[in-house]
Every structure is written in C-alpha cells, then in structure tokens.
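Written below as structure tokens is the structure these notes are about.
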C-alpha cells in the first residue's frame, strides 16, 4: 500500500513524538496547518495527510476529498463501512511509517476534525499497539455497533479528547453526547469539552488541545 500524500510540520529537533491530524470533508492536509503552527509543540512532528478524492453521495455524488462516503447526515443512517475500514488501513500505514522513523507507538497521537475525527477515533480504538491519545473534534463515533467486538485491548486505556460546538448545525451536539455515552459505557477515559461555536474550532479549544498534547506526549506544560 502506498502512503497517502501529506504535509509535514515540525518545530524543533530531536523528534520524539508524531501527531497524525486528519482534515474534514472537502478540505485537505493544509487546512489545519495554521492550528498546528499555533500549537508549536517542540520535538513533535505533525503529519497532515490529504484524503483521496471520492464521489460523496450526500453531496449529489460530487467528487471531493473524503475519508469515506456519506450517505446521509441523519443519525442512524447507513454508513460506508467498507470505506471506513479501507481508510483505517491507510492511517495504520502512516502510523507504521512513523514507527519506522523511530517513534514509539506510545508517542503517536491521532487527531481529526469532523469526518477526519471519526476516522481518528475509529482507528485509535482498533489499533493493535498503544497510542499516546486520540482527539476527536466536532465529530461522532462511526460504526459504534461494531466497536465492542472490533476494539483492541491495547488502546482501552488510551486517553481520548472529545470536543464539540454547542451551535454545530452539521453534526449536532446530541450526536457528540451519544458517542461519548457509548464510549463511557465501554470503559474508555474521556476528556469532554463543549464550546459556544458552530462546526469549527476556537482559541479556547486550541489551548485545551495544547494542554492535552503536552500532558500525554510528555512535554513540559508552559
């Protein structure tokens, strides 16, 4: 399998940590580059991959960068399980690439926004080696029904950061709550945040992300 193309950003050597950050539907790896530069974490390499271009059903089949097809935005609608699992393999390949570059799995985080957050969460919970953490921003838990049998014990204790906007009109806050409830029911440790914002990110959220990453990547808190 060939690696996804990606943007790479780092701030200081030596590199001890890797953060793989997945953009939302229709964006690309450059979308969160400004946020990464705002975080400016030392000794950390940020990998921002570009999703492949796919026809997206909910957008009348228009081709755009997408991690999987979306049939409907309605909760409970059919999900693209094959596409989600295929993208999981692509993210697993990026994790393996970082390990080949000398980074322990326990120093690798997965982050994603919206559709990218769904993939980050899905992949982290099923990954077969312990990760440093997973951050799911303005998103939901995909394929929740398969999680009890699909999850891997290696990441049962992995810290999970979930954040959502109270004014989100793309993925309702209620879906964030339902996803968190499923994860809590399965014993996952969640750090939950809500912000007065739409389907986006805000400065307060970036500050909370920085603190979470510093804590769980073993960086000094400043």
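Observations on the structure shown:
- Scanning the range 160-187 for residues that are surrounded by fewer than 18 Cβ atoms within 10 Å (Cβ to Cβ) and within 17 Å of residue 133 (Cα to Cα) yields 184, 186, 187.
- Output for the range 1-25, where each listed residue is in a loop (DSSP other than H, G, I, E, B), within 13 Å of the chain's Cα centre (by Cα) and closer than 20 Å to residue 93 by Cβ: 23
- Of the strands (runs of 3 or more DSSP E) lying entirely inside the range 26-73, those carrying at least 1 residues that are in contact (Cβ under 8 Å) with a residue 60 or more places away in the chain and under 27 Å from residue 213 (Cβ atoms) are 44-49.
- Residues in the range 8-45 that are in contact with a helix residue (DSSP H, G or I) (Cβ under 8 Å, 6 or more places away or on another chain) and over 18 Å from residue 114 (Cβ atoms): 9, 16, 17, 18, 38, 39, 41, 44, 45.
- Selected residue (criterion: surrounded by the fewest Cβ atoms within 10 Å (Cβ to Cβ)) from residues of the range 90-107 that are touching a strand residue (DSSP E or B) at 6+ places or on another chain (Cβ under 9 Å) and under 21 Å from residue 24 (Cβ atoms): 90
Every number here is computed from the coordinates shown, using simple stated rules; none is lab data. Everything numeric here is computed off the predicted structure, so don't read it as measured data. Ideal geometry is used to build each Cβ from the backbone, glycine not excepted, and the neighbour counts take in all protein chains shown.
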